[in-house]
Amino acid sequence: MPEDARRLTRHALIDRLLHWGMAISTLILLGTAFLPILGIEFAWVTIHWVSGIVLTVLVIAHTVRASFWQDLGSMWIDKADLRDTMQLARWNLRMSARPPGLPGKYSLAQKLIHHVFTLTGLAAIVTGGLMMVKIDTPWWERNPYWLGEDVFGVIYVIHDLAALALITLVMVHVYFALRPEKLHFTRSMFLGWITRREYNEHHDSARWAVDAD
Amino acid sequence: MELLRTSRDVWGQEVLQGMSWDLIPVFFGAGAAIILCHLLYRWLLAPKGQSR
């Protein structure tokens, strides 16, 4: 196999399963939240809270794995990201002929959308968890008086705002995943690998050392 | 356009129910606008050969 075509691991199987599990549960949560509002009536409550619990478990698993088994710093925004973004702006505005430096495993844009997803998802998960005291589950009976109506009002607003923001975020995330110049990232989220050529073209080896598949 | 949904409790006081669902097209439109802006940027402004 030519060196350029050699496969390098970008996402391990467990990380891909966590990503797609979170993606599917998020889409189910959005569907069960908004389809009834748009006039498609069905029994959505149980599907919604069960999907919420699945998402919560997957987010906790992803957080533990990222913290102890992966390089947490690869998702951290550093000075090089900010410097390269400034250079990207200068390059786009034709103020410089020099293209910006290559990123590590993740570009600044990928880090930013991850962090916005994190904040929005956590807001939805925490408020959704609090809202579950108002429904019967196998573990407890509903108690609508656990918090005051005014507190629940704020919780509903945060939960709804997070859900609405997720519509925008999912649209933008899927759009960039389908961009022709990003398809190797999308393939790696399905199959796990990128080629040595893609690694050399899109990543700085000093910022992301990668293992052969 | 309303930003919030409210109702009245049994004592007639206004109670917050969440964000207004009139905002669904706004957030959908924001996603579409970001995508459109990026498409225009790539088509009109981005240096040739840009892969980032």
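Read the figures in this text as sums done on the coordinates, not as results from a lab. Remember, predicted model here, so these are calculated numbers, not experimental data. FYI the Cβ positions are ideal-geometry reconstructions off the backbone, even for glycines, and counts take in every protein chain you see.
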Give the separation of the Cα centroids, segment A:159-213 to segment A:41-104, in Å. 9 Å
For the residue pair A:Met95 and A:Ala12, what label-to-label distance in nm results when each label sits 7 Å from Cα along the Cα-to-beta-carbon direction? 4.2 nm
Electrostatic dipole magnitude of the protein assembly as shown [Cβ: Lys, Arg +1; Asp, Glu -1; Cα centre; debye, to 20]: 1300 debye
For peptide B:37-44, the mean count of other chain Cβ atoms within 10 Å per residue Cβ is 1
Mean other chain Cβ within 10 Å across A:159-171 is 5
Sites matching chymotrypsin sites (Phe, Trp or Tyr not before Pro) across chain B that sit in DSSP coil, with at most 15 neighbouring C-beta atoms within 10 Å: B:Trp11
FRET efficiency, 1/(1 + (r/R0)^6) with R0 35 Å, evaluated for A:Gln70 and A:Asp136 via beta carbons: 0.35
Which pairs break 20 Å Cα to Cα here: A:Lys79/A:Lys105; A:Lys111/B:Lys48; A:Lys105/B:Lys48; A:Lys79/A:Lys111? A:Lys111/B:Lys48; A:Lys105/B:Lys48
Put a dot 7 Å past each Cα toward the Cβ at A:Asp4 and A:Glu41; how far apart are the dots in nm? 6.1 nm
Only Cα pairs within less than 10 Å get springs; with that Gaussian network setup on chain A, which residue of A:Ala177, A:Ala162, A:Ala97 has the largest fluctuation? A:Ala97
What residue among A:Trp139, A:Trp76, A:Trp49 has the largest mean-square fluctuation in a Gaussian network model of chain A, using Cα springs under 10 Å? A:Trp139
If you build a Gaussian network model of chain A, linking Cα atoms that sit under 10 Å apart, which residue out of A:Thr120, A:Thr168, A:Thr186 swings the most? A:Thr168
How do A:36-43, A:106-113, A:144-151 rank on mean C-beta neighbours within 10 Å, highest first? A:106-113, A:144-151, A:36-43
Quick one: A:Glu181, A:Glu198, fewest Cβ neighbours within 10 Å first, how do they rank? A:Glu181, A:Glu198
Along the Cα-to-C-beta direction of B:Ile34, a point sits 7 Å from the Cα; which residues of segment A:88-114 have their amide N less than 14 Å from that point? A:109-114
At 222 nm, what value in deg cm²/dmol follows for chain A if DSSP H runs of at least 4 each add -39500 (n - 2.57) and the sum is divided by all its residues, to the nearest 500? -21000 deg cm²/dmol
